[in-house]
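Throughout, read-outs are computed from the coordinates displayed, never taken from laboratory work. Please read these numbers as outputs of a predicted model, since none were measured by experiment. With ideal geometry, Cβ positions are generated from the backbone for all residues, glycine too; neighbour counts draw on all protein chains shown.
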Amino acid sequence: MPNVFIVHGWGGDSECDWIPWLKEELQKRGVNATAPDMPNTNVPKIEEWVPFLSTAAANADEHTYFVGHSIGCQTVVRYLAGLPEGKRVGGAVLVAGYRDITDQLSTPEEKEIMRPWKETPIDWEKAKAHAGSFTCIVSDDDPYVPVNEAREFGIALGANIIMDNGRGHFSDDDDVTALPSLLYALLNMMGMPEMEPLI
């Protein structure tokens with residue numbers, strides 16, 4: 001049975017956005033889906049989020065897949081880059097991923113929280129070596145992640161890039177409480193072709 005870990009974004013939790021919907025859809029199909037509540041969600045820190053995910057997914061293997069949203073995408077990629085040599089997971093689907101959104105942030109406090117995520121390098125090659133494949137989902141009207149930034153994030157991972165336009169930042173604020181493009185991409189990555197209509 002595949003395992004999926006869903007990592008929410010900055011200020012989020014396991015019950016926000018499309019996460020409850022995705023968990024339910026995966027569980028209907030016999031997939032074990034886990035969405036941990038990341039620590040200190042309003043002030044996310046690399047040194048807290050990445051080890052937390054490492055502990056939650058301690059038994060990850062090639063039947064384990066990851067979903068990230070926003071800063072959760074960076075968390076997943078940094079986690080993968082830190083895996084020991086020879087360890088691989090099935091893959092990751094990353095929604096609204098980015099390397100830098102400081103120009104889109106409105107307050108000095110937000111920019112300071114984001115600064116380490118921007119300035120601490122990601123070892124893209126190591127991340128790619130530990131995952132079977134990547135898919136990135138991007139919207140053309142995301143207020144935080146410019147399309148070019150989202151595409152560059154995907155290109156750095158050699159990812160398949162899906163444009164799901166008109167979805168903003170794929171959040172509750174954008175009325176995105178279900179994300180069929182994500183479910184479809186994940187099921188296909190897991191080798192589980194969709195057998196019933198997406199809802």
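Data table
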read-out	value
Anchor LYS87: aspartates and glutamates whose Cα lies under 20 Å away (excluding residues fewer than 8 positions away in-chain)	ASP61, GLU62, ASP123, GLU125
Pairwise label distance in nanometres, GLU110 with SER14, each label 7 Å out on the Cα-Cβ vector	2.8
Geometric extent, Cα atoms of the chain - Rg, Dmax (angstrom)	15.4, 48
Rounded to the nearest 20 debye, dipole of the range 3-189 from Cβ charges on Lys, Arg, Asp, Glu	760
Over 28 Å (Cα to Cα) - which of LYS28/LYS111; LYS28/LYS118; LYS28/LYS126; LYS45/LYS128; LYS45/LYS126; LYS28/LYS128 fall in this group	LYS28/LYS111; LYS28/LYS118; LYS28/LYS126; LYS28/LYS128
Relative packing of 89-101, 26-38, which averages over residues the other C-beta atoms within 10 Å, highest first	89-101, 26-38
Helix-only mean residue ellipticity at 222 nm for the chain, each DSSP H run of n ≥ 4 adding -39500 (n - 2.57), per residue, nearest 500	-10500 deg cm²/dmol
Which of TRP21, TRP117 has the fewest Cβ neighbours within 10 Å, and the rest in rising order	TRP21, TRP117
